[in-house]
Structures are given as C-alpha cells and as structure tokens.
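Chemist: Shown below is the structure under consideration.
The values are calculated or read from the model by the stated rules, or taken from the named source; none is laboratory data. Remember, it's a predicted structure, so these values are computed and weren't measured experimentally. With ideal geometry, Cβ positions are generated from the backbone for all residues, glycine too; neighbour counts draw on all protein chains shown. All accessible areas refer to the heavy atoms of the entire protein, side chains included, with ligands and DNA or RNA removed. Shrake-Rupley method; radii C 1.70, N 1.55, O 1.52, S 1.80 Å.
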Amino acid sequence: MSHTIMAEGLVRRFGATTALAGVDLAVRTGTVFGLLGPNGAGKTTAVRVLATLLRPDEGTARVGGFDVVRDAHRVRQLIGLTGQYASVDETLTGAENLLLIGRLLDMSRADAKARARELLADFHLSDAADRPAKTYSGGMRRRLDLAASLVGRPKVLFLDEPTTGLDPRSRNELWGIVRELVGGGVTVLLTTQYLEEADQLADEIAVVDHGRVIAQGTPEELKTKTGGQALTVRPADPTDLPRVVSIMAEVTGAEPEVSQSAVTAPVNDEAVLPAAVRRLDEARVRVAELALRGSTLDEVFLSLTGHRAEDGTDDQDSAAGAGRRDGTGLPSARPERTTA
C-alpha cells in the first residue's frame, strides 16, 4: 500500500524549546493514523508542519508526493484541516459559512451553494442551515467545522484533537463521520490524547512524547509490546475496598489502582487469578466483578512514558498555534486558486 504522508527527521524549535526532535512518520493511503500523546508532546506542531503552516528547522516531509516547503501550494490543494477550536464565523449561518469557504476556493456561487447543501445534509445540519453558528451546540459547531474542511473535497484530512470538549454522543457522531470519510478513500491524520479515540479509529498509532516518536504500530501491536494483563476486582460492598486493595497488592506484588469502586493491578502470571480468588474467599469478600484482561492503550502509554496521556502540561505548541483560536487555521490551509 502506498503512503500519502511521509516525514523524516522533522525538527522544529521555538526559542529554547524543541517541539519536534526528529520525527519520522509514514501514513498509508486511505487509513487513519493516530498521533497519540499528552499536551506539549509536539502533536500540533507536527500537524502544522505537515499542513504547511510551519516550516521545519530540519528534516523533510511530503504529502501526496509534494514537499511541504518547496511545494506548499500543491500540498494545500490536497488537504483539509480541523483544529482543536472551531474556526467557523459565529455571526454567519451554517450555510453562509460553507458558502464562504466555497467561494474562497474559487467555486462558482451555484457550485458553492450546492456543496454547502450537500455537506449540511451529510452532517445532519440541514434544519439549522439558516441559523447563526453562535446558536449551535458544541457538537453542532464541531460538525460544521469539519464540514468546512471538506468543502474542497480534500484527499488528506488533518484532525487536531477534533473531539476536545465534546460530550460522548457528539464524539461518537464525529467518529462515525471519520469512518465514512476513510471508507471513501480519504487519508486521515488524527492527533488525540484520548486513548479510547485512538483505539476506536486509528489503523496505526505513533506515540509521541517530548517531541519524539517513542513507539509505533497498530493498537493491538502496541498492546502486545507492553505485555502482561490486568486484574480488576469490584467488591459488592464498597466498604470492602481497603481489604481488596490489600489482597491485590499481596497477590500481584504491584500497587493497585482504585477507580469507581473497582481495584485494578497489573498481572504477569496467570496463576495470580486463582490465588486472588482464594484470598478473596478466605477474607469473605463478596465480589460483584472479577475480570482478567489484556493491556489497554492507557496502560501502554503509562508503560512507555511513565505517566498517563491526560497528565501532560499545557501544550508548548500553543505559542505557535494561537491562530487556532481566532479561526486562522482553516483559511491558512485552504487550497490556493486553481484553474480548470
């Protein structure tokens, strides 16, 4: 399978801060590639370099076969970009926002209107087409923002933490849209710090930390690399939690974690399960849930970086990417004028 995005040795510095420290990427055509990492890992900087919004200090990158520096205008004709913050004009209606983007892309008014109607229908926004965007819910704004990035029918779509701040229902809706786009042949590069999102969408994942790719593979390959399993016990009586924690620490030799009345600890020996059952029975602890499962992406990330994906500091990319807040991300990445 061919690769639509290729990057080798990407380095980008902001003063004394190195946001990218030699990043290599290879994204197969027609797939979702996930860049997974905490805030400040360099994910947004990588997207902005690939989308021609930042020049790398070192290294090379090609999108659709075109160099992101020498052939930036050709790259922009291929891509769409949706950042962390909605870039729509809140004073315009949904239809007007999409019409505006179409006209900026040199579409005729008739073609721009037709494309706007098509996208509003695809994103279930037809009923709100004539309402100002400021009246939209958060999920509706994100759908409109994604629709705006698709007006020019891009072959490559960059999604920079597109579901930040969305409720679970809106997030699931956006996931469905991404799957449909990929089914239609679009290549998607997705940045996220949500482990579940990467697991649900990505065909391949690169784990980024401190500006470097520290692991890469399919979700299952990454889980296998981490190895081991996790044992979870939920006592029927929450007052038994301290005893369960003590027993789990004893039989696993690890420090258990407590979350939502359940105790979880890593397991590297299958004999731990029957030992845990015996000890719980001896302690007369009634169990509502007992499960032995493989590693999750969250545990993979913790194993690789020493901290969880949500534990990062404020994104060091923000100084360079402040334009996302005022909506400059999308227009900056729009295709340049072309002639038929």
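Chemist: Is it the case, given these coordinates, that ALA319 is at negative phi and modelled with pLDDT under 80?
Modeler: yes
Chemist: Of the residues in the range 77-101, how many are open to solvent by less than 30 Å² (accessible area, probe 1.4 Å), outside any helix (DSSP H, G or I), hydrophobic (A, V, I, L, M, F, W, C) and modelled with pLDDT of 95 or more?
Modeler: The number of residues fulfilling the criteria is 1.
Chemist: So is SER149 within 30 Å of ARG12 (Cα to Cα) and among the polar types (S, T, N, Q) or not?
Modeler: yes
Chemist: Pull up the range 128-184, narrow it to residues that are under 18 Å from the mean Cα position of the chain (by Cα) and among the hydroxyl-bearing types (Ser, Thr, Tyr), then point me to the one that is surrounded by the fewest Cβ atoms within 10 Å (Cβ to Cβ).
Modeler: THR164
Chemist: When you scan the range 91-105, how many residues do you find that are in contact with a strand residue (DSSP E or B) (Cβ under 7 Å, 6 or more places away or on another chain) and under 24 Å from ARG48 (Cα atoms)?
Modeler: Looking only at that region, the number is 0.
Chemist: Would you check which residues across the range 265-290 are touching a residue at least 24 places away in the same chain (Cβ under 8 Å) and within 18 Å of ASP237 (Cβ to Cβ) and list them?
Modeler: Selection gives ALA276, ARG279, LEU280, ALA283, VAL285, ARG286, VAL287, ALA288, GLU289, LEU290.
Chemist: Looking only at the range 1-55, how many residues end up being crowded, with 24+ Cβ neighbours inside 10 Å, part of a strand (DSSP E or B) and on the phi > 0 side of the Ramachandran plot?
Modeler: Total meeting the criteria: 0.
Chemist: Filter the range 128-162 for residues that are closer than 15 Å to THR91 by Cβ and among the hydroxyl-bearing types (Ser, Thr, Tyr) and give the result.
Modeler: Result: THR135, TYR136.
Chemist: Out of the residues in the range 210-229 that are under 10 Å from PHE301 (Cα atoms) and out of contact with any Leu (no Cβ under 6 Å at 6 or more places or on another chain), which is modelled with the lowest pLDDT?
Modeler: Looking at the filtered set, the residue picked out is THR226.
Chemist: Enumerate the pairs (first residue in the range 179-194 and in contact (Cβ under 8 Å) with a residue 60 or more places away in the chain; second residue anywhere and among the hydroxyl-bearing types (Ser, Thr, Tyr) and open to solvent by 30 Å² or more (accessible area, probe 1.4 Å)) with beta-carbon separation below 6 Å, excluding pairs fewer than 6 apart on the same chain, so at least 6 apart or on different chains.
Modeler: Qualifying pairs under 6 Å: THR187/THR29.
Chemist: Here is a further query. Take the range 278-301 and flag every residue that is under 26 Å from ASP199 (Cβ atoms) and open to solvent by 60 Å² or more (accessible area, probe 1.4 Å).
Modeler: Selection gives ALA288, GLU289, LEU290, LEU292, ARG293.
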